[in-house]
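Asker: If you scroll down you'll find the structure; I have some questions about it.
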Amino acid sequence: MSPKTEQRKERRSLVPPPVALGMSVIVPGMGQILAGEIQRGLLLIGSFASIIGLSVWRFVLLANGVTGALPIYLKSFSRRPELVIILTLLMVALYVWNFLDAWKQAKKKKRGGAGIFVVIIALFFALGWQISQIDVYKAVTKFPEALQPLSRVLWPWKAAITYRTKELTATAPILVGDVGTAPPAPVKQEGKPYLISEPTRGHLSTLDSQNEVVPGTLLHLRGSGFRPDTETQIWWIDPLGNRFRPRQGGKYTSVMTDANGEFTFDLTMPYRLMPPSAVGPQLHKVEAEQSQRVGGPIASEPLRVTIERMIETIIMGMMATLFGIILSIPVSFLAARNLMSGSWITMAIYFITRTIMNIVRSIEPLIWALIAVVWVGLGPFAGIVALTLHSVAALGKLYSEAIEGIDPGPIEAIQATGATKLQTIVHAVVPQMIPPFVSFSIYRWDINVRMSTVIGLVGGGGVGFILVQYIRLLDYRAAGIAVWFIALTVSILDYVSAQIRARFV
């Protein structure tokens, strides 16, 4: 029988079972403490306090503006009956189980099982489900809407290449309003695209008092001299030079040319808000445009930018790891208890070093990146500063723990020869530290490269900086290119680090 089992067997209840039961009825968990199961009782007290606090918080949020315990409960029940019923049943079951468990603990006839903690976990799960606002129905019903952007992220290579294009355009003037003389039809030139509008003046679409669109003048467009059987986009250009594509029927306006390179199209003059200073005749233009590929495929801008930023990310991780190794090696010796236990001065240095490392390591690199951006500005340097600070603390801890776990035999042998502290470290500690140091350093490089993609989200440079821009612009194909390069880079670095580790460790 183990000492721990004997210790539990020797524990005696401080009170009889009825008293333990009664105390747990008053304060859940108190009966277990009086029965000698202190850890079990404290865990129950903490669990009850957390569950009640979280439940009250959620019920108050559900019953926004309602006061009084019963009105809050009833309002919460009316809004989320399934949640309130589950929480109520589980809390009643836990409360009853609690004082029955106290009776068993006081009788010492049978050790308490883990069933009561299963109920506690179920309660925390139910609360967590509501707090995190999990909606399975919404996730299932809305999934088809996510298929299109998801497919673009998973297979973005259509946006990885592009082509140089040559545009064929033709414009026709449109006078808006009743002021001025309607412009004449454009002069047709041999061998060039031609566009004419009938009429050449009209009124733009407007909004009524209910913000409903009142259609403007209907223009009949005729084009010729374009490439046959090719999509032709229709654009609108206002007097300020702003160019945009009108929409009709929820789609951007475009038309296919026939076999002779001609087309006809009816366009309702679009809504356009003009500045108050726009007085007098306002000459707009309608434009027909075709794009033609010229030459072979070339790398698109998202692909080029992603490759550049990915290289920047790798260099950031490498530089941060290098600086982290250089700075963390001396720190690790100061944080190793077996090397710093010689006097109270060295032990004070040990505790100070450990405390600083724990504080720095507890702050995520993302937070350090925010601070570094304020310190040195946007860019990869801020990312390197953030990763270096975190690397020094993390590697210092790993290195120091490896130093504390080395074989003391060589140290004692070197010290027996009268070697100094420095000689002991050089000849007895360092040789044992090379394999774990190499392993930890390579692992940290892998972490830094992956973290470089994250700190870019807050302006720390790297591929994460453009990834968040692509996501905000809803350019999922460009974002997919960045995601693929991140995954490929991490996989390659994992293989490389494994090969290096196999040679040195």
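Asker: Quick one: Thr67 ticks every box in (1) out of contact with any Leu (no Cβ under 9 Å at 6 or more places or on another chain); (2) part of a helix (DSSP H, G or I) bar one, so which box is it?
Answerer: Against the list (1) out of contact with any Leu (no Cβ under 9 Å at 6 or more places or on another chain); (2) part of a helix (DSSP H, G or I), Thr67 comes up short only on (2).
Asker: Still on this structure, please answer the following. Read through the list (1) surrounded by fewer than 17 Cβ atoms within 10 Å (Cβ to Cβ); (2) farther than 17 Å from Met319 by Cα; (3) modelled with pLDDT of 80 or more, then give the number of the only condition that Leu398 fails.
Answerer: Condition (1) is where Leu398 drops out.
Asker: Condition test on Ile481, is it of a type in the set (A, V, I, L, M), in contact with a Gly (Cβ under 8 Å, 6 or more places away or on another chain), surrounded by 21 or more Cβ atoms within 10 Å (Cβ to Cβ) and in contact (Cβ under 8 Å) with a residue 12 or more places away in the chain? It would help to see each step written out before you state the result.
Answerer: On the way: of a type in the set (A, V, I, L, M): yes; in contact with a Gly (Cβ under 8 Å, 6 or more places away or on another chain): no; surrounded by 21 or more Cβ atoms within 10 Å (Cβ to Cβ): yes; in contact (Cβ under 8 Å) with a residue 12 or more places away in the chain: yes.
No.
Asker: Out of segment 396-454, which residues are among the polar types (S, T, N, Q) and over 30 Å from Ile481 (Cβ atoms)? Before you say what the answer is, go through the steps one by one.
Answerer: To start, the set of residues in segment 396-454 that are among the polar types (S, T, N, Q) comprises 400, 415, 417, 420, 423-424, 432, 439, 441, 448, 452-453.
Within segment 396-454, Ser400, Gln415, Thr417, Thr420, Gln423, Thr424, Gln432, Ser439, Ser441 qualify.
Asker: Still on this model: Residues that are farther than 30 Å from Arg477 by Cα, at least 1 per element: which strands (runs of 3 or more DSSP E) completely within segment 149-242 meet that?
Answerer: Working: elements: 161-176, 194-198, 218-224, 231-237.
Counting at least 1 such residues, we get 161-176, 194-198, 218-224.
Asker: Does Val438 meet the test of being surrounded by 15 or more Cβ atoms within 10 Å (Cβ to Cβ), modelled with pLDDT of 80 or more, touching a Phe, Trp or Tyr at 6+ places or on another chain (Cβ under 7 Å) and under 30 Å from Leu150 (Cβ atoms)?
Answerer: Here the answer is no, as Val438 does not meet what is asked.
This table checks each residue for (1) among the polar types (S, T, N, Q); (2) more than 17 Å from the chain's Cα centre (by Cα).
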site	(1), (2)
Ile411	no, yes
Ala428	no, yes
Ile434	no, yes
Val438	no, yes
Gly460	no, no
Ser497	yes, yes
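Asker: When the residues of segment 366-395 are filtered to those that are of a type outside the set (A, V, I, L, M, F, W, C) and at pLDDT below 90, which remaining residue is surrounded by the most Cβ atoms within 10 Å (Cβ to Cβ)?
Answerer: Ranking the qualifying residues of segment 366-395, first place goes to Gly383.
Asker: How many residues does segment 490-504 contain that are under 16 Å from Ile311 (Cα atoms) and among the small types (Gly, Ala, Ser)?
Answerer: 1
Asker: I'm told Thr321 meets every condition in (1) within 30 Å of Arg247 (Cβ to Cβ); (2) out of contact with any strand residue (DSSP E or B) (no Cβ under 9 Å at 6 or more places or on another chain); (3) not aromatic (Phe, Trp, Tyr) except one. Can you identify the failing condition by its number?
Answerer: (1)
Asker: Same structure again: Quick check on segment 142-161. Is at least one of its residues surrounded by 12 or more Cβ atoms within 10 Å (Cβ to Cβ), touching a residue at least 60 places away in the same chain (Cβ under 8 Å) and within 30 Å of Leu221 (Cα to Cα)?
Answerer: no
Asker: Same structure again: Take Ala139 and tell me if it is assigned to a helix (DSSP H, G or I) and either hydroxyl-bearing (Ser, Thr, Tyr) or in the same structural domain as Leu34 (by TED's automatic domain parsing) (or both).
Answerer: no
Asker: If Ile314 meets every condition in (1) more than 30 Å from Ile492 (Cβ to Cβ); (2) surrounded by fewer than 20 Cβ atoms within 10 Å (Cβ to Cβ); (3) of a type outside the set (Ser, Thr, Tyr) apart from one, which number is that one?
Answerer: Unmet condition: (1).
Asker: Give the residue that is modelled with the lowest pLDDT, with candidates limited to residues of segment 328-338 that are within 27 Å of Gly383 (Cα to Cα) and surrounded by 17 or more Cβ atoms within 10 Å (Cβ to Cβ). Lay out the reasoning, then the answer.
Answerer: Filtering segment 328-338 down to residues within 27 Å of Gly383 (Cα to Cα) leaves 328-335.
From what is left, the residues that are surrounded by 17 or more Cβ atoms within 10 Å (Cβ to Cβ) are 328-329, 331-335.
On the way: Ser328: 90, Ile329: 87, Val331: 89, Ser332: 88, Phe333: 84, Leu334: 87, Ala335: 87.
Only one residue fits best here, namely Phe333.
Asker: Ok, one more. Quick check on this structure: which one of Ser78, Ser50 is assigned by TED's automatic domain parsing to the domain that holds Leu21 and under 15 Å from Ala126 (Cβ atoms)?
Answerer: Ser50
Yes/no per residue for (1) touching a residue at least 12 places away in the same chain (Cβ under 8 Å); (2) under 19 Å from Tyr252 (Cβ atoms); (3) more than 45 Å from the chain's Cα centre (by Cα):
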| residue | (1), (2), (3) |
| --- | --- |
| Leu204 | yes, yes, no |
| Ser209 | no, no, no |
| Val214 | no, no, no |
| Leu219 | yes, yes, yes |
| Arg222 | yes, no, yes |
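Asker: Restricting to segment 339-365, name every residue that is surrounded by 14 or more Cβ atoms within 10 Å (Cβ to Cβ) and not in a helix (DSSP H, G or I).
Answerer: Ile363, Glu364
Condition check ((1) assigned by TED's automatic domain parsing to the domain that holds Ile325; (2) surrounded by 16 or more Cβ atoms within 10 Å (Cβ to Cβ); (3) over 28 Å from Trp155 (Cβ atoms)) across all residues:
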{"residue": "Thr417", "(1), (2), (3)": "yes, no, yes"}
{"residue": "Lys421", "(1), (2), (3)": "yes, no, yes"}
{"residue": "Ile425", "(1), (2), (3)": "yes, yes, yes"}
{"residue": "Val454", "(1), (2), (3)": "yes, yes, no"}
{"residue": "Val458", "(1), (2), (3)": "yes, yes, yes"}
{"residue": "Phe465", "(1), (2), (3)": "yes, yes, no"}
{"residue": "Tyr470", "(1), (2), (3)": "yes, yes, no"}
{"residue": "Leu473", "(1), (2), (3)": "yes, no, no"}
{"residue": "Tyr476", "(1), (2), (3)": "yes, yes, no"}
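Asker: Report the residue count in segment 34-72 for those that are aromatic (Phe, Trp, Tyr) and surrounded by 18 or more Cβ atoms within 10 Å (Cβ to Cβ).
Answerer: Count: 2.
Asker: Could we say that Val449 is in contact with a Leu (Cβ under 8 Å, 6 or more places away or on another chain), crowded, with 16+ Cβ neighbours inside 10 Å and at pLDDT below 80 here?
Answerer: The answer is no for Val449.
Asker: Quick check on segment 186-208. Is at least one of its residues of a type in the set (Phe, Trp, Tyr) and either exposed (fewer than 14 other Cβ atoms within 10 Å of the Cβ) or touching an Asp or Glu at 6+ places or on another chain (Cβ under 7 Å) (or both)?
Answerer: So far as segment 186-208 goes, no, none of its residues is of a type in the set (Phe, Trp, Tyr) and either exposed (fewer than 14 other Cβ atoms within 10 Å of the Cβ) or touching an Asp or Glu at 6+ places or on another chain (Cβ under 7 Å) (or both).
Asker: Look through segment 441-478, keep the residues that are of a type outside the set (A, V, I, L, M, F, W, C) and free of Cβ contacts under 8 Å to residues at least 12 places away in the same chain, and return whichever of them is nearest to Ala146 (Cα to Cα).
Answerer: Going through the qualifying residues, I end up with Arg472.
Asker: Hey, another quick one. Restricting attention to segment 273-292, does a residue exist that is crowded, with 19+ Cβ neighbours inside 10 Å, at pLDDT below 90 and assigned by TED's automatic domain parsing to the domain that holds Ser224?
Answerer: Within segment 273-292, not a single residue is crowded, with 19+ Cβ neighbours inside 10 Å, at pLDDT below 90 and assigned by TED's automatic domain parsing to the domain that holds Ser224.
The values are calculated or read from the model by the stated rules, or taken from the named source; none is laboratory data. A quick note: this is a predicted structure, and the numbers were derived from the prediction, not measured. Quick reminder, even Gly has a Cβ in these numbers, built from the backbone with ideal geometry, and neighbours come from all protein chains shown.
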